[in-house]
1. Can you give me the angle between helix 87-99 and the longest principal axis of the chain, using Cα atoms only, in degrees from 0 to 90, rounded to the nearest 10?
2. Can you work out the Karplus-derived ³J(HN,Hα) for every residue in the stretch 197-206? Use 6.51 cos²θ - 1.76 cosθ + 1.60 with θ = phi - 60°, whole Hz, and x for glycine or proline.
3. Provide the per-residue ³J(HN,Hα) series for the stretch 269-281, in order, calculated from phi with Karplus coefficients 6.51, -1.76, 1.60 and θ = phi - 60°, each as a whole number of Hz, with x at glycine and proline positions.
4. Take the chain, mark every one of the GluC sites (Glu not before Pro) that falls in a DSSP loop and has at most 16 other Cβ within 10 Å, then report the longest stretch left between them, sites excluded.
5. Sorted from fewest to most neighbouring beta carbons within 10 Å, what does the list 245, 18, 25 look like?
6. Collect residues whose amide H, placed 1.01 Å from N in the peptide plane, falls under 5 Å from the amide H of residue 132; neighbours closer than 5 in sequence don't count.
7. Along Cα→Cβ, 7 Å out, is where each label goes; now give me the distance between the ones at residue 25 and residue 369 in nm to one decimal.
8. With a point put 7 Å past each Cα toward its Cβ, work out how far residue 17 is from residue 175 in nm, to one decimal.
Amino acid sequence: MEKELLLMLPGPVPMPERVRYAMMRQAINHRSPEFGAVYADCVRVLKTAFGTTNDLFVISGSGTAGMEAAVANFGRDKDIACLVNGKFGERLYKISQRYGKAAEIKSDWGTPLNLDALEERLEQGAQVVTLVHNETSAGIKNPAKEVGRIARKHDALFLMDGITSVGGDVVEADAWGADVAIVGSQKCLAAPPGLAGISVSNRAWERLCKNPPFYLDLAAYKKSAAGKPMETPYTPAVPLFFALREACLIIEEEGMAGRIARHQKMAQAVRAAVNAWGFSLFPKIDAKHEYSNTVTAVSYPQGMKDDEVRPIIKKMGIVIAGGQDHLKGKIFRIGTMGAVSAPEILATLAATQHAIKKTGYKVQGDGVQAACEVLG
């Protein structure tokens, strides 16, 4: 009997049955009051998850579409300082190169950002700052509040990728001064891939570029959202909106405080297991940076092969992530985002511990027991 794989990735993540069933209904007129109500529910809950009272829109496109919308609408022809310590910081930098004069402020993946260099770049005239709040490629959470403070000090716009933190960790877009913030539907929200939420401050609107893209024209989204019923400017992915609305209602029922606490506890359990095994967490954090609460990145010990470990785990019905780009074969990553709780975490850790032992490596201690102590 073929069974579904348990996806313990940094997105996409397992979707609750309610979310999956929501996509099965017949399509509706996307220019109707019924769709407007669906869209309004999504926006209401997402504003809570973002920690914002700013305008918020949902785009039919992945998180990368949200990234491009942010840069294309507010960074075109401007001097952009891009903070980079992982793959998705690099992606924002590459997007910024297409629209403005982009400067990469680079740190090694999984190491602290160079905030002194950011200050220098802003003093030289940078008008926009980009940041990935939660860098899943390396398992590090970056200091968005501090970056926002520095950007505001120099009167620069702050564009924040919250794609893998919104809905699963503390995000306070308004308090942190994030003029534009982004989320992806298939991450902590536990909805299907294909939608991106994006919030925009009044300050950002005042600096809207004069030549925005057509499909990602956020002024067009603002105009359509202000109508009655609430609409999108172009045909939306209606089934995905149904699913996102259901995911948002689940978030509302759980409450953001409880949801954040659950994500934090799951991550603590994974880190406890890693420590018990005697493995090292990949990121190098300091007083301003933290380990991610939505994915844990772990360094392989010398001699352990990724192409041996993860296939064993997959045979047991669970998928975890490897490293990306130059980190392929050097780390593995376990996602703790979305609808997962103790059963999924413990099953993943048991399968991972089994795979590690099967490759011939002797762990120092029982990671599953260490995780149980956290979860209990």
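Coordinate-derived values only; no laboratory data. Note that the structure is a prediction, hence the values are computed from the model and not measured. Don't worry about glycine lacking a Cβ; one is built from the backbone with ideal geometry, like all the others, and counts go over all protein chains shown.
1. Helix 87-99 and the main axis of the chain meet at about 20 degrees.
2. So the Karplus estimates, Gly and Pro as x, are x, 9, 9, 9, 7, 4, 4, 5, 4, 5 Hz.
3. 5, 5, 5, 4, 5, 4, 5, 5, 5, x, 8, 10, 5
4. That gives 207-376 as the longest site-free run.
5. 25, 18, 245
6. Those lying under 5 Å, H to H, from residue 132 are 161.
7. Reported label-point gap for residue 25 and residue 369 is 5.0 nm.
8. For the pair residue 17/residue 175, the computed spacing is 3.7 nm.
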